[in-house]
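Written out below as structure tokens is the structure these notes cover.
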Number of protein chains: 6
Amino acid sequence: MSIESLPLDAGVVETLRGVSSGTITTVLLKKGLRNVWLRGTRPLAPGQPRLVGRAFTLRFVPAREDLATPASWGSPISTRAAIESMPAGCIAVVGALGTTDAGIFGDILCARMQKRGVAGLVTDGVVRDVAGVLGTGLPVWCQGTAAPPSVAGLTFVGWQEPIDCGGVAVFPNDVILVDQDGAVLIPAALLDDVVAAAVEQERFENWIMCQVEQGAVLPGLYPPNEENLAKYKAYVANGGK
Amino acid sequence: MSIESLPLDAGVVETLRGVSSGTITTVLLKKGLRNVWLRGTRPLAPGQPRLVGRAFTLRFVPAREDLATPASWGSPISTRAAIESMPAGCIAVVGALGTTDAGIFGDILCARMQKRGVAGLVTDGVVRDVAGVLGTGLPVWCQGTAAPPSVAGLTFVGWQEPIDCGGVAVFPNDVILVDQDGAVLIPAALLDDVVAAAVEQERFENWIMCQVEQGAVLPGLYPPNEENLAKYKAYVANGGK
Amino acid sequence: MSIESLPLDAGVVETLRGVSSGTITTVLLKKGLRNVWLRGTRPLAPGQPRLVGRAFTLRFVPAREDLATPASWGSPISTRAAIESMPAGCIAVVGALGTTDAGIFGDILCARMQKRGVAGLVTDGVVRDVAGVLGTGLPVWCQGTAAPPSVAGLTFVGWQEPIDCGGVAVFPNDVILVDQDGAVLIPAALLDDVVAAAVEQERFENWIMCQVEQGAVLPGLYPPNEENLAKYKAYVANGGK
Amino acid sequence: MSIESLPLDAGVVETLRGVSSGTITTVLLKKGLRNVWLRGTRPLAPGQPRLVGRAFTLRFVPAREDLATPASWGSPISTRAAIESMPAGCIAVVGALGTTDAGIFGDILCARMQKRGVAGLVTDGVVRDVAGVLGTGLPVWCQGTAAPPSVAGLTFVGWQEPIDCGGVAVFPNDVILVDQDGAVLIPAALLDDVVAAAVEQERFENWIMCQVEQGAVLPGLYPPNEENLAKYKAYVANGGK
Amino acid sequence: MSIESLPLDAGVVETLRGVSSGTITTVLLKKGLRNVWLRGTRPLAPGQPRLVGRAFTLRFVPAREDLATPASWGSPISTRAAIESMPAGCIAVVGALGTTDAGIFGDILCARMQKRGVAGLVTDGVVRDVAGVLGTGLPVWCQGTAAPPSVAGLTFVGWQEPIDCGGVAVFPNDVILVDQDGAVLIPAALLDDVVAAAVEQERFENWIMCQVEQGAVLPGLYPPNEENLAKYKAYVANGGK
Amino acid sequence: MSIESLPLDAGVVETLRGVSSGTITTVLLKKGLRNVWLRGTRPLAPGQPRLVGRAFTLRFVPAREDLATPASWGSPISTRAAIESMPAGCIAVVGALGTTDAGIFGDILCARMQKRGVAGLVTDGVVRDVAGVLGTGLPVWCQGTAAPPSVAGLTFVGWQEPIDCGGVAVFPNDVILVDQDGAVLIPAALLDDVVAAAVEQERFENWIMCQVEQGAVLPGLYPPNEENLAKYKAYVANGGK
């Protein structure tokens, strides 16, 4: 049922940490992908650093009173078992149907994820016991917080399956980059292309920003006309000075 | 990935065809289940008969331009392959994320389901080419109709898995009863209990309705006080006369 | 707790039966009232006639498992007791929080209302057992149909109180007019003014419609310039010919 | 402010009348356009025929009490003036912000549009006085009906401007095709390409449907493998027999 | 019309101040209550302390221009009169229909509540003049802030009645506990049972959290197997050491 | 297509900076305007000062893949051209259809607006690259942040046209006042009346607040009875002491 989790090259992680989520969406848009930003994934705490990692997916369906009980927490298909399968460095991506009135995890499960070296938690749902979750130090992106346990609204059904998270299709091992603007998905098959294009896009937009700060007007600059393109190419040829 | 589909006892089908979806929800509520009615499952055509069958589930996630293309229709994990796995008499239950701007199926797929003896199609999404779908004769319960194909909004990812349909958790082989009030789910494990209680509940409410038609007042009748309970028991003892 | 229900003058009922809900909203808008149309109040069956009557209000709050049980149907504050308090000719207006996944009433309660001479049922919620409800002959305006009983989503708390129905404040004894465009409210205190203005507005718009059918252009006609106003006045002076 | 309206070639209209809205969306998806179906545009009456025409756009913003008054109906920028500018054969496409509690037009304005030879009315809002509107014979696609006048919720600001209708960008003179599945937009610049591809797609899907009716299985047929593609080509070469 | 407000035992307040809202929902779920968390009740300011008190309820219906005017603020049924009826230590729970574009109260009313010793304000609506409200020091849980006064969207109709707040049925004198995860309701009739179970649940989860911090894995711990249950019992027997 | 932008009297700006958005809505409500608060316009950063200025409007419609491309950023009708038309001191009001999954502007465009002396940016949409936008120092009111560029969800179509922003009709050169409670609109034609009334309303509410802080009860004070009105008049006559 579950797809095996894969490692992510450390160099890719390092490079992408210097690229904003916005730049990733611009690069993917140029490749025809418009639906890659996970709606509702806001930082739980201010100042959470940008993270990059493979998606480790978890899937919920709605609660049914005969299934979603505290007793279910001990079943073989449980959030507990899923967490014990998470590799260090992954980003847990939890499809929670956008549910905002039942928290998928509280302090105990987040503490265990932190112990296992999970890089972060991203969900279109909410967490519970926000004070406790913040205390664990696990970086979380979500819609907010709610007191009730997951079983009040959700039934856990599996991990490392394709999921819907925030209106985006996330497959196991797709790459997630998340920062203050929320989480974006890079399809695993497009990773190398995206990394290369993103670094260039980031450099180019930084150059534009410098021009604007020096008083340049926008038309002809962004996007650049021939003259400005030549100036940018000279800047690049000069080693970015 | 897929759970094997099971047959449903013909006697159970026959018995439940005489029970309304409303009665099933009353019976399940008394057992503590409040979330068993699939939101958004309205009859596509007037006069569609009540249907009873095992759920054969299909699951969609949102569209991603690199995945949800016309080319994907030929992949091994496709709606086409799923349909060819459906047993006669099942009810196809399609979790479509409540999407109303892309039709899950049109006339061609519905025609094939009809050929295979599928009893009916239930979804929290919509169909496309409504004239064509009606022409196939397949009974459909859904939110309505939309012109765009599924790949404009959805990616198909599997069948016979647990799904969310209309805010209800549907597991493969749960029993579905659907009529003019929409689709209700009977958990497979509770089937026998529900059948017995539903027949009695139906008889009891019919008797109440007769009393009201004869001018009885509601308090003391529905729910019944001791006197009315005795009258009802006498009616039952007398063979329902 | 409950405000006493009042009769409505038969002449007023007769007069307003000749006025459309649209005309009432135009008249009230001219008096500064923009929020008088009860959202979600659609005819359950085609061809239901226009109705006029005093509002008899019922109020629900959300379900709570310790309160909203089948047993609650027998409590003194119950929908049953409320129905037995409804006077003939009233229009039952039920504030159901816009709930679409639990039916406020089914065939039994509607049959009893019909027996008591209730003119019609208006709600921002839904009914259950739509076949049965249609069989009672009680005219119903609502959002549609759902199988589950009210207690699956709602708790009944009282009648003849001010309520929210479809985003409109309805007070006991306000006047309701409902037709194919849904239900509009006439505040009790404004009734006489509205009746007089509505009859005139209806006559005026009928005259406009005749002009359009004869090929008149809209500018200068609707609203009328001096020339057209004079023509209309002559038409009225001539007894409407 | 307003863009001049253009005629549409009669041959194109004739050809497209034989193509379903669903086929148009499939053809446009293959060209990379996924957002061309106007949400909320349902037929007001059963059996309305398929229509094809240039979009004549109207634009509303929300109501403001100082602007949206009955008096505003006489201003130079009014729905009345817009209607008098509509050419015969156009399809009026009205961006109403998805408003469902104020009708954009009633019987009088629809009667005048019918008189002018407007082919049909498409809106993401609702109409008022549904009985009267149906009486005019003007085909309407919308979200439903409401009693209040447009000024209760909307302010009219102009015509033949780019608009949002049902979440789709409609520019004046884009082509609209509308049938039982609702309204789809064909960008004016893509018209010729779409017409050619749509006729072929329609023929191809009809052939598929025949195969399914004769018992063919879906995999390999839809989309076709080489064998089935060859069969289809033979069918076409044989003049469609 | 209004139910008398009751005091709450100081010992209960003291005990519950040591229990999180999350724990209360877990305890109530075990008793079958899943709908006790008031949606939309977020802390207005960071760091607001946990509060416990009886609910003093206020009820709004939608605005109607003939009723919801500045003049209405002086009527006998007014928010002003309601505030003067609030006992010290109560928690004002205001059912505002989830309205987010009209503030129920501003600085003046909140200042008066603070003067009267009201413990806090909880609503599914919003407040206005957020700077002023924060200045009063009254702790507030709500959906946010809006500039317009309540009468722009709401009509006040009474206090100490059953209400809907955030999709939960709140009856006068039910107990409210509110902290960073929002407000939960404890039905008055269940108070003693809940207090006892909540203290034990809190102790148990704290013990689990310690185990996780020491590196324990989740399966077998949460929920505990026999071995871990024995360890926990020993810990309790040892006085929680 | 575009309406010329007008200056705003410096004295008016100065005076209105001392008036809260809440007071403006109270003053406008007394003139019959209830829909003047732009929903979803929250401060992006804490502590943004109150701003007053003429509205410079921008209008988007939904994205269409053939129109909303990176290439479109260079067209004559572009956000870039619009920004270069903004006068110093204006408040840019951007109608973004309430879109929350595509940012209208990022750091580059906001930096350019800041350079041009634009007072602030108000939108019912979101911005992207929140860290960069905050770095520019431009005060922004919006619904939040999203990574994708505007063209992922929106098409820019013009400036200085009437728009919908947050459910409010904004016309070019209407006056906007925005503070911690969000943005309110003052119709240009009502400006002088509103300024005069707002200053008085602000003074009056401040006096009320002082009375409450000194322990006054609300009934008879707010709104004031004759006695309190006399006290207030004496206070005013005494120069506000």
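So what's chain C giving for Cα Rg divided by 2.2 N^0.38 Å, two decimals?
Dividing the Cα Rg of chain C by 2.2 N^0.38 Å gives 1.14.
How far, in nm to one decimal, is D:G135 from itself in the other copies if the label point is set 7 angstrom along Cα toward Cβ? Shortest first, please.
Spelled out, the distances from D:G135's label point are 3.6, 3.6, 5.9, 6.6, 7.1 nm.
For chains B and E related by rotation, which residue of B has the Cβ nearest the axis, and what is the rounded distance in Å?
B:G32, 3
In Å², nearest 100, what accessible area do chains A and E bury in total when the solvent probe is 1.4 Å?
2300 Å²
Only bridges with both residues in the protein assembly as shown count here: give the DSSP antiparallel percent, nearest 5.
The antiparallel proportion sits near 60 percent.
Assuming 0.36 nm per residue, please report the length gained on full extension of the stretch A:A131 to A:A189 beyond their Cα-Cα distance.
Separation in residues times 0.36 nm, less the Cα-Cα distance, equals 17.1 nm.
Which distances, shortest first and in nm, link E:V199 to the matching position in the other copies, using label points set 7 Å out along Cα to C-beta?
5.2, 6.3, 6.3, 7.3, 8.5
Can you work out the accessible area per residue across the stretch F:31-171, with the rest of the protein chains kept in place, probe 1.4 Å, in square angstrom?
Per-residue accessible area for the stretch F:31-171 comes out at 25 Å².
If only Cα atoms are counted, what is the Rg of the protein assembly as shown, and what is its Dmax, in Å?
So, for the protein assembly as shown, Rg and Dmax equal 31.8, 101 Å respectively.
Going through the cross-link list A:K31/D:K31; B:K31/E:K31; C:K30/C:K231; C:K30/C:K233; E:K115/F:K231; A:K31/D:K30, which pairs have a Cα-Cα distance over 19 Å in this structure?
Listed pairs above 19 Å: C:K30/C:K231; C:K30/C:K233; E:K115/F:K231.
For the stretch D:62-142, just list the percent of Cα-Cα distances falling in each 5 Å bin from zero outward, please.
Taking all Cα pairs of the stretch D:62-142, the binned fractions are 3, 14, 25, 28, 20, 8, 2, 0 percent.
Amide H to amide H under 5 Å from C:E65: which residues, 5+ apart in sequence or cross-chain, H placed 1.01 Å off N in plane?
Result for C:E65 returns E:R34, E:N35.
Would you kindly compute the Cα radius of gyration of the stretch D:1-51 and its largest Cα-Cα separation (Dmax), both in Å?
13.7, 37
Sort B:K30, F:K31 by accessible area with a 1.4 Å probe, largest first.
Result of the area sort, largest leading: B:K30, F:K31.
Quick one: label points 7 angstrom along Cα→Cβ at F:A234, distances to the other copies in nm, smallest first?
When each copy's label point is compared with this one, the spacings are 6.8, 7.8, 7.8, 8.1, 10.7 nm.
Mean Kyte-Doolittle of at least -1.0 plus a Cα span of 30 Å or more along the axis: flag which DSSP H helices in chain B meet both, please.
B:191-213
Mind checking which of C:V133, C:V36, C:V12 has the largest fluctuation in a GNM of chain C, springs on alpha carbons under 10 Å?
C:V12
Calculated FRET efficiency, B:E226 and C:L6, Cβ-Cβ r, R0 35 Å, to nearest 0.05?
0.40
Using only the Cα atoms of the stretch D:104-241, each taken as one equal point scatterer with no solvent, compute I(q) by the Debye sum, divide by I(0), and report log10 of the ratio at q = 0.11, 0.15, 0.17 Å⁻¹.
-0.63, -0.86, -0.97
For the stretch C:177-231, compute the orientation-averaged projected area of the C-alpha convex hull (one quarter of its surface), in nm².
5.1 nm²
Counting only protein heavy atoms and using a 1.4 Å probe, what share of the accessible area of the protein assembly as shown belongs to carbon plus sulfur, as a whole percent?
54 percent
From largest to smallest, what semi-axes in whole angstrom does the stretch D:4-97 give when each is the square root of 5 times an eigenvalue of its alpha carbon gyration tensor?
Semi-axes, largest first: 30, 17, 13 Å.
For chain E, modelled as a GNM with alpha-carbon contacts under 10 angstrom, which of E:C165, E:C210, E:C142 fluctuates the most?
Largest GNM mean-square fluctuation: E:C210.
In percent, what relative contact order does the stretch D:90-241 have, based on Cα pairs under 8 Å that are 6 or more apart in sequence?
18 percent
Can you return the aspartates and glutamates within cross-link range of C:K241? Criterion is Cα-Cα under 19 Å, with same-chain partners fewer than 8 residues away left out.
C:E200, C:E202, C:E205, C:E213, C:E227
Which of these, B:F171, B:F105, B:F204, has the largest mean-square fluctuation under a Gaussian network model of chain B (Cα springs below 10 Å)?
B:F204
The values are calculated or read from the model by the stated rules, or taken from the named source; none is laboratory data. Because the structure is a prediction, the values reported are computed rather than measured. Reconstructed Cβ throughout: ideal geometry from the backbone, glycine too, with neighbour counts over all protein chains shown. With ligands, DNA and RNA removed, areas are computed over all heavy atoms of the protein, side chains included. Shrake-Rupley method; radii C 1.70, N 1.55, O 1.52, S 1.80 Å.
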